[in-house]
Amino acid sequence: MADSFLDSLSTGVIFTNCSGILTFMNRKAETLLNVFKETVIGKRIDMLPLRTPLYKVLSEDCRDYPLEMNICGRVLQVRSSEVLSSAKVLLGSIYELSDVTAERDEKRSREEFVAKMTHDLKSPLMVLQGYVQAIKLGMWGDIHPKLQKTLEDMERSGKSLYSMIEDLLDVYRLEMGLVQIKRLPCDLAALLESCCHDRQLEADEQGVSLVVKLPRKFQQVELDTKQFSRVFANIVGNAVKFTPRGGKVTVSAQVRQGNFRVSVKDSGIGIAESDTSSIFKKYFRTEQAAGFKGSGLGLALSKEIVEAHGGTIEVTSVVGKGSTFTVIAPIKE
């Protein structure tokens, strides 16, 4: 009964006893390893031919984490674990083999797509930005004063388009699992101050007061600095953009119960309660945001990054009075 059940599984299963003798192999394992079980059952692992796929699988230590191996033209994910009796006596080891070839081929195709899109979208833009820089440097003569502002507008628009392309590609990468989050020790206070400093000029131009309130001593956190800098840039940037002249944006942070909390509060246009559940969807734009520039990707990207760190983004808002976005994430992995 048990053998019949194991033979029906879509994953390969192999069992070895405490002496390292192979005592069971199901049909899927035979297929994946291109071997007949009658020729190997009853043999110790160290008695198997060294160059065979079976020996390669059983000789690897994959108890702590699964290993991927190229076997017989397939990509196999192999993991093993100890088998204990009800009395906690070690009976042997069980190996599980999964064919992940299709998943790896699909992931490679996605990576190739992102690489192609990155090249096809960014390359023409980089050329245009290069020409703008060359003109500003006077490589083709003096610049007429009336042309100076036009060049600055072109440069600003180019940077904005570049940022939109990055957001679009990063949302895709995160959704497809192509981005590896690298959590390292980070000075969160310094990261927030840097982000707000980058937005200060924009705030000054709009007549918005940008205030940063941070504790004097802030516990070090572990996060992907590059990714989280984009989260804070998006949220603080939105707060400044949607706050009218004379308004105020306040950025604060604290550590509580093993999590860090960063809040960005503004006195801007606000978000309708019916829209708060949709603002993190790609390309979604509220009625209040009509007339403001934006791709509708910033919050979607921010949500993906924060959730990849095991955190959440909360939002409270009142139309016409402002919004508060709060990022909550573990201080350590």
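The values are calculated or read from the model by the stated rules, or taken from the named source; none is laboratory data. The structure presented is a predicted model; accordingly, all values stated were derived computationally and were not measured. Methodologically, a virtual Cβ is constructed for each residue, glycine included, from the backbone with ideal geometry; neighbour enumeration extends over all protein chains shown.
Can you tell me which of Val114, Val75, Val132 is in contact with an Asp or Glu (Cβ under 7 Å, 6 or more places away or on another chain), outside the structural domain of Thr31 (by TED's automatic domain parsing) and either surrounded by 12 or more Cβ atoms within 10 Å (Cβ to Cβ) or among the β-branched types (Val, Ile, Thr) (or both)?
Checking each option against the conditions leaves just Val132.
Testing Leu210 on (1) crowded, with 19+ Cβ neighbours inside 10 Å; (2) part of a helix (DSSP H, G or I), one condition comes back false. Which one is that?
(2)
Filter segment 229-245 for residues that are over 13 Å from Thr324 (Cα atoms) and in contact with a Gly (Cβ under 6 Å, 6 or more places away or on another chain) and give the result.
Across segment 229-245, the qualifying residues are Asn234, Arg245.
I need a count of the residues in segment 237-264 that are closer than 21 Å to Arg216 by Cβ and surrounded by 19 or more Cβ atoms within 10 Å (Cβ to Cβ).
Here the count works out to 5.
Take the conditions under 17 Å from Ser302 (Cβ atoms), modelled with pLDDT under 90 and not charged (D, E, K, R) and apply them to Met164. Does it pass?
Against the criterion (under 17 Å from Ser302 (Cβ atoms), modelled with pLDDT under 90 and not charged (D, E, K, R)), Met164 qualifies.
Give me the strands (runs of 3 or more DSSP E) completely within segment 1-119, filtered to those with at least 1 residues that are within 30 Å of Asp170 (Cβ to Cβ) and in contact (Cβ under 8 Å) with a residue 12 or more places away in the chain, ordered by residue number.
Here the list reads 67-71, 74-84, 90-99.
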